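Here's the structure we're looking at; comments come further down.
The values are calculated or read from the model by the stated rules, or taken from the named source; none is laboratory data. Predicted, not measured: the structure shown is a model, and the values here were computed from it. With ideal geometry, Cβ positions are generated from the backbone for all residues, glycine too; neighbour counts draw on all protein chains shown.
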Amino acid sequence: MTPGQFFFKHRSYTPIPLLLAVLILADTTWTSFLTGLTIMFLGESMRFWGVLYAGSATRTTGEVGAGRLVTDGPFAHVRNPLYVGNFLLSLGLTVMSRAWMPWMLLVFLFLFGIQYAFIVKEEEGFLAKQFGDQYAEYCQHVPRWILKIRGFTNSELSSPVFAKALRSERNTLQSALAVTLLMLIRWHLL
């Protein structure tokens, strides 16, 4: 198993140590809480937009795979909108907690960077094999991490279904709400 396969398979669990650290070490203020909550909202919005176009295929945790190359919606602006969303969700939580600032931010950036560098390398290798020239053209026009204002125009159109996306994203929404409530409890009761 390559590091990319390992991190892909366990990506739902690898943030738990950071989550525990920021909850235990939290030094939350109203400013950090509201700023972090705003960043988390932006992250979840980006994730939801991505799931709306990619569908529930984004929930696989076994092996990297794709039935089709999604190049519209947020994927027309950035190749990894769900991972950008994950970044913002985790960054928001880190800011919300205000634990060991600025050192915890550096720890978060380092750990996130390592994990997702391996995951994206694994996924891009698969997509290059699976979709060849179509994927190569897509990569030439759409950045990996930074949103491009003008979207990719050579896209196959998806059929987004809001209810399906909401069902698929339910676990992430519940987790974000639970973490926010835990942060409030930690802040006000301990």
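Observations on the structure shown:
- Within the option set Thr35, Thr2, being modelled with pLDDT of 90 or more and over 29 Å from Leu184 (Cβ atoms) holds for one residue only, Thr2.
- Here Gly151 meets the list (1) without any contact (Cβ under 8 Å) to a residue 24 or more places away in the chain; (2) surrounded by 15 or more Cβ atoms within 10 Å (Cβ to Cβ); (3) among the small types (Gly, Ala, Ser) almost entirely, failing just condition (1).
- Residues in the range 145-187 that are farther than 23 Å from Gly92 by Cβ and among the acidic types (Asp, Glu): 1 in all.
- Filtering Trp30, Trp100, Trp49 for residues that are on the phi > 0 side of the Ramachandran plot and either at pLDDT 95 or above or of a type in the set (Phe, Trp, Tyr) (or both) leaves a single hit, Trp100.
- In this structure, Gly50 qualifies as surrounded by 14 or more Cβ atoms within 10 Å (Cβ to Cβ) and without any contact (Cβ under 8 Å) to a residue 40 or more places away in the chain.
- In the condition set (1) of a type outside the set (A, V, I, L, M); (2) in a loop (DSSP other than H, G, I, E, B); (3) on the phi > 0 side of the Ramachandran plot, Gly132 is compliant with all but (2).
- Listed by first and then second residue, the pairs with beta-carbon distance under 9 Å, at least 6 apart or on different chains, first residue in the range 6-27 and farther than 20 Å from Pro102 by Cα, second part of a loop (DSSP other than H, G, I, E, B) and charged (D, E, K, R), are Phe8/Glu63; Lys9/Glu63.
- Among residues of the range 89-115, those that are surrounded by 19 or more Cβ atoms within 10 Å (Cβ to Cβ), touching a residue at least 60 places away in the same chain (Cβ under 8 Å) and under 14 Å from the mean Cα position of the chain (by Cα), counted: 5
- Some residue of the range 32-47 being hydroxyl-bearing (Ser, Thr, Tyr), touching a residue at least 24 places away in the same chain (Cβ under 8 Å) and touching a Lys or Arg at 6+ places or on another chain (Cβ under 7 Å): yes
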